[in-house]
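In what follows, a single structure is set out as structure tokens and then discussed.
The values are calculated or read from the model by the stated rules, or taken from the named source; none is laboratory data. Keep in mind it's a predicted model, so treat the numbers as computed, not measured. Because the Cβ atoms are built from the backbone with ideal geometry, glycine has one as well, and the counts that use them run over all protein chains shown. All accessible areas refer to the heavy atoms of the entire protein, side chains included, with ligands and DNA or RNA removed. Shrake-Rupley method; radii C 1.70, N 1.55, O 1.52, S 1.80 Å.
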Amino acid sequence: MKRRDFLKGALYGTGGTMIAFGGFGTLTKLDPKKAAAAEQDALSTVFSTCEMCTSRCTVALKVKNGKVVKAEGHPNDASTGGSICARGNAAPSLLYDPERIKKPMLRTGERGDGKFKEVSWEEAYSYIAEKLKNVQKQYGGEALAVTSRVNPNDIFFRSIARAMGSPNMFSHEATCPMTRTVALEATFGNPYIGADYGNAKYIITNGRNFFEGIHVPMVKGVMKSISNGGKLVVLDPRFSVTAAKGEWVPIKGATDLAFIMAMANVMISENLYDKEFIAQYSVGFDKWVEAVKDKTPAWAEQETGIPKDKIVQITRDFAKAKPNCLLEYGWRTPWTGNDYQLRRAIMIVNMMMGNWEVPGGYFRKKGAALLKPYPELQQYAKSLGGGMVQPAFPKPAKGRIDGTGIKGTPGQVIPVPDGAVGQIPESILTGKPYPIKAWMVYRFNPVISMPESERVIEAIKKLDLMVTCDVYMTDAAYYSDVVLPECTYMERYDPMIDNTGLTPKFQIRQPAVPVVYPDTKPAWQIFKELGEKMGYGQYFPFKDMEEYLTKQLAAAGLTLAEMKEKGFWVPPGMKPFFMRGKDPKAPAPTASADQKIQIFSEELEEATKQGIPEYKHYPQPENGKFRFIQGKVAVHTNAGTHNVPVLNELMPTNTLWINSVSAGKLGIKEGDSIIISAGKYEHKGIAKVTEGIRPDTVFTYHGFGRISPKMTRAYGKGINDNKLIPNELGEVGNVVSSTTFVTVRKA
Amino acid sequence: MAKHYAMAVVVAKCIGCQACTVACKFQNNVPEGQYRTKTPVVGPKGTFPNVSMYFEKQACQMCQNAPCVEVCPTKASHYNEAGVVLVDVDKCVGCKYCLTACPYDARFINKDTGAADKCTFCWEARVSKGQVPACVSTCVGGALVFGDEKDSNSEIAKLLSKNKGEVRKEEFGTRPSIYYIFEGVK
């Protein structure tokens with residue numbers, strides 16, 4: 001009888017005191033109402049900013065007896081409505097995971113043997129400092145590359161590279177939205193452009209999968225649009241959850257630009273666009289007219305596989321909703337070599353709808369600086385300040401390995417904070433333009449997040465020094481020389497988080513509990529201490545993060561105590577601000593030099609000779625081959641959460657989606673073991689036979705098939721998509737995710 | 001008038017993100033590998049490219065004529081003062097009659113307590129204090145609506161007055177308190 005088991009555990013888990021156990025059969029149960037009240041009293045709330053992904057939702061962490069027992073959405077935040085996603089909810093599962101790295105680790109065996117010893121922070125810092133100094137002496141400071149997933153501690157991480165004289169600082173963005181950034185900078189002068197989904201009446205998305213690649217405020221917005229009767233059209237080779245909520249148009253992969261250009265063609269030939277808007281706010285439209293004049297729906301039908309009548313009908317209906325219509329600009333956007341031109345064309349067609357600075361359209365993020373010209377708004381907010389003043393860094397002796405910043409080349413438009421991260425393994429392996437000898441990664445796992453995993457590993461093995469700072473013994477950590485254990489977001493302060501949208505918005509990240517594992521540290525502290533060890537203390541002129549935050553906030557007229565109590569700050573009383581919200585002729589300057597929307601971009605013309613988007617035809621898979629595409633799933637974050645116990649339990653592995661007709665031809669049935677071959681590389685997997693994908697395409701969810709055995713739950717489970725994708729650099733330094741073809745056979 | 005707590009699942013708004021699934025686990029300390037609620041996919045149905053798919057939240061249906069209460073030999077399964085079906089872990093002997101009786105497969109034996117377990121509408125920790133259940137609070141798509149069905153001013157009463165709320169396995173006569181609204185589901 002299971003009745004006996006009852007006595008083994010407390011009803012409310014660790015720390016619970018609601019039921020007191022005596023001996024066998026004697027248990028004192030509190031009156032339920034009193035028990036509930038007692039439980040409530042013991043709960044305290046700490047407001048913070050989630051980091052289970054990087055969308056930075058505000059959260060309320062519930063703490064009981066010194067433990068985070070639950071994560072909830074911040075009840076006062078209108079953008080989330082108090083919701084958080086499955087990953088956000090799973091935060092305590094990460095916090096208390098015994099598989100987190102608990103102490104600094106130093107490699108003792110060969111790289112990839114998995115042999116490490118625990119060392120003190122002092123030993124770890126000394127080891128890194130000595131190795132870096134040797135690299136600097138032998139090859140120059142530029143032989144160090146650093147890469148992180150964009151986050152508020154980058155300033156400290158990158159200070160190490162800057163102090164050493166290295167220009168080679170990279171974000172993960174070339175593997176994700178960098179082509180969109182390039183397009184937005186070229187078109188609007190900066191990339192700080194948001195979309196007002198909630199008020200849109202018609203949304204078209206090329207592949208952006210709102211409902212699986214979850215950003216809570218955006219999900220809320222798109223859902224509001226649909227619920228109010230808005231139309232959602234989803235162009236995607238795969239039937240995603242987003243496609244299920246709208247009209248699915250299964251476009252051929254890598255042809256999205258043809259669809260967009262045909263939309264423009266129809267809008268021009270049928271006079272469906274906002275001519276007055278284009279005349280007042282943009283430059284270079286005539287060149288776009290020329291570029292799309294032969295991009296007819298009939299032509300686009302050949303490219304995309306979408307019937308021309310369908311293209312015309314979607315375009316007409318979309319235009320009817322102008323200016324409250326959105327052609328989604330994308331999220332993870334490294335599909336093809338010229339993806340940036342797809343993003344450019346998308347924004348140009350948007351601007352043809354005049355959906356700029358109006359509800360249901362695109363807008364500039366309204367930081368305090370943007371409010372200055374508006375007398376009625378300028379009192380609402382002041383900008384956050386810096387938390388420290390750093391002395392000047394030495395000028396790097398050489399340019400970057402990826403050519404970022406070189407005028408007259410594509411490097412001119414590669415965003416300087418991002419760079420072309422795919423160049424790092426190439427420079428390590430080929431020594432061109434000069435060798436990289438040391439690589440430090442922080443919250444970034446190149447083995448899984450960059451294409452061609454085996455080539456990345458091969459590159460890491462050639463380094464003089466590989467350092468990983470993370471919360472798990474990730475796949476990159478597994479091949480590292482030194483592994484530095486960061487504490488989780490629930491145990492630390494970070495610099496202020498600016499999450500400005502239609503109003504300014506500042507958020508705090510603050511510890512809800514002391515560090516669970518005493519030898520883990522916040523990243524700012526790790527890099528500050530490492531910097532001090534290396535003699536770079538002058539670049540870290542602050543005592544601790546409270547002091548740093550206090551300075552940042554003082555500039556905005558706010559206090560740390562206030563932020564800690566409220567969790568986030570928006571200007572009281574300020575309404576969402578659209579520059580053309582009241583008057584469609586009102587000034588709505590972009591950040592470009594002439595303040596206009598650059599339909600033709602002089603800068604791109606200079607950099608890539610493509611001031612106006614040009615169509616590039618990419619081959620389609622021949623018979624027997626499939627285009628290999630990948631995507632996000634709601635319960636996991638990129639390569640970040642697959643070992644988190646509760647999330648791993650929900651989805652421990654992935655499958656390869658294959659169309660039922662295609663599978664039938666290959667004799668493959670649902671659940672069969674298969675081999676996916678991309679030629680040079682092969683991967684085992686399990687088939688998911690479905691009607692929800694084009695017959696010429698296969699799909700898998702990203703982030704599985706983990707290589708590090710030290711993440712026991714995720715290790716070896718499923719398909720690592722990036723094992724199969726070659727490390728190719730796109731026209732503006734992006735990785736290229738969706739032009740790989742594979743064959744599939746039964747295992 | 002006595003309250004009748006009910007939940008509406010607006011299926012068109014559910015994106016299957018499992019935020020509810022995870023929120024419930026932490027709110028109620030549900031053991032590893034066990035769930036009081038889950039939201040599995042239904043479909044895709046149809047043939048490429050004409051396919052459809054939706055998600056359907058599963059949990060205790062909070063029957064007003066609950067077979068689990070009826071079969072329970074120790075009266076551990078009971079209706080509380082607000083009509084919510086609960087299990088008194090103190091009285092439960094783990095006989096599993098209720099697991100068999102439940103037409104919705106909503107019950108399980110909790111690995112930690114040895115007692116029958118299921119959704120409680122978060123009665124003790126939340127609803128009894130005027131809050132909504134954890135799943136409703138965190139629902140990203142805004143698909144879950146909870147409240148007193150008998151209060152004509154409540155959101156759920158208004159929603160159900162405008163939309164047809166279907167109950168699962170109506171023919172069993174269990175009179176569930178979970179209504180599924182399928183309007184707008186493709």
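Where helices (runs of 4 or more DSSP H) sit wholly within the range B:80-186, those with at least 2 residues that are more than 11 Å from chain A (Cβ to nearest Cβ) occupy B:97-101, B:155-162.
Summed over the range A:269-285, residues that are in a helix (DSSP H, G or I) and open to solvent by 40 Å² or more (accessible area, probe 1.4 Å) total 5. Filter the range B:15-60 for residues that are in contact with a Leu (Cβ under 8 Å, 6 or more places away or on another chain) and more than 7 Å from chain A (Cβ to nearest Cβ) and give the result. Passing the criteria: B:Cys20, B:Lys57.
On the given criteria, is A:Gly221 within 14 Å of another protein chain (Cβ to nearest Cβ), part of a helix (DSSP H, G or I) and either at pLDDT below 95 or out of contact with any Phe, Trp or Tyr (no Cβ under 9 Å at 6 or more places or on another chain) (or both)? Taking the combined requirement at face value, the residue does not satisfy it.
Need a quick list: strands (runs of 3 or more DSSP E) entirely within the range A:407-510 having at least 1 residues that are surrounded by fewer than 22 Cβ atoms within 10 Å (Cβ to Cβ). Steps first, answer last, please.
Numbers: elements: A:438-442, A:465-470, A:482-485.
Fully inside the range A:407-510 and qualifying: A:465-470.
From A:Ile160, A:Ile203, grab the single residue that is touching a Gly at 6+ places or on another chain (Cβ under 7 Å) and in a strand (DSSP E or B). Criteria check complete, one pass: A:Ile203.
Given the options A:Ile203, A:Ile160, name the one that is hydrophobic (A, V, I, L, M, F, W, C) and over 18 Å from A:Lys528 (Cα atoms).
Numbers: A:Ile160 fails: over 18 Å from A:Lys528 (Cα atoms).
When all the criteria are applied, what remains is A:Ile203.
The residues in the range A:286-320 that are within 28 Å of A:Lys609 (Cβ to Cβ), open to solvent by 70 Å² or more (accessible area, probe 1.4 Å) and among the acidic types (Asp, Glu) can be counted, and the count is 3. Which residues, taken from the range A:166-188, are in contact with an Asp or Glu (Cβ under 9 Å, 6 or more places away or on another chain) and in a loop (DSSP other than H, G, I, E, B)? Correct list: A:Ser166, A:Pro167, A:Asn168, A:His172.
So, of the residues in the range A:38-85 that are hydroxyl-bearing (Ser, Thr, Tyr) and open to solvent by 10 Å² or more (accessible area, probe 1.4 Å), which turns out to be farthest from A:Ala639 (Cα to Cα)? Don't jump to the end; show me each part of the working.
Taking the range A:38-85 as the starting set, the residues that turn out to be hydroxyl-bearing (Ser, Thr, Tyr) are A:44-45, A:48-49, A:54-55, A:58, A:79-80, A:83.
Among the residues that remain, those that are also open to solvent by 10 Å² or more (accessible area, probe 1.4 Å) are: A:44-45, A:54-55, A:79.
Numbers: A:Ser44: 32, A:Thr45: 29, A:Thr54: 12, A:Ser55: 15, A:Ser79: 26 Å.
Here the residue is A:Ser44.
Listed by first and then second residue, the pairs with beta-carbon distance under 9 Å, at least 6 apart or on different chains, first residue in the range B:33-59 and under 17 Å from A:Ser662 (Cα atoms) and in contact (Cβ under 8 Å) with a residue 24 or more places away in the chain, second loosely packed, with under 13 Cβ neighbours inside 10 Å and among the hydrophobic types (A, V, I, L, M, F, W, C), form an empty list.
Evaluate the range A:582-600: report whether one residue or more is assigned by TED's automatic domain parsing to the domain that holds A:Thr333 and farther than 30 Å from A:Lys287 by Cβ. Yes - at least one qualifying residue is present in the range A:582-600. A:Asn638 fulfils the conditions (1) open to solvent by 10 Å² or more (accessible area, probe 1.4 Å); (2) in a loop (DSSP other than H, G, I, E, B); (3) within 22 Å of A:Ala291 (Cα to Cα) except for a single criterion, (3).
Conditions tested, residue by residue: (1) in contact with a Gly (Cβ under 9 Å, 6 or more places away or on another chain); (2) under 28 Å from A:Thr187 (Cα atoms); (3) crowded, with 16+ Cβ neighbours inside 10 Å.
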residue	(1), (2), (3)
A:Leu530	no, no, yes
A:Phe540	yes, no, yes
A:Leu560	no, no, yes
A:Gln595	yes, yes, no
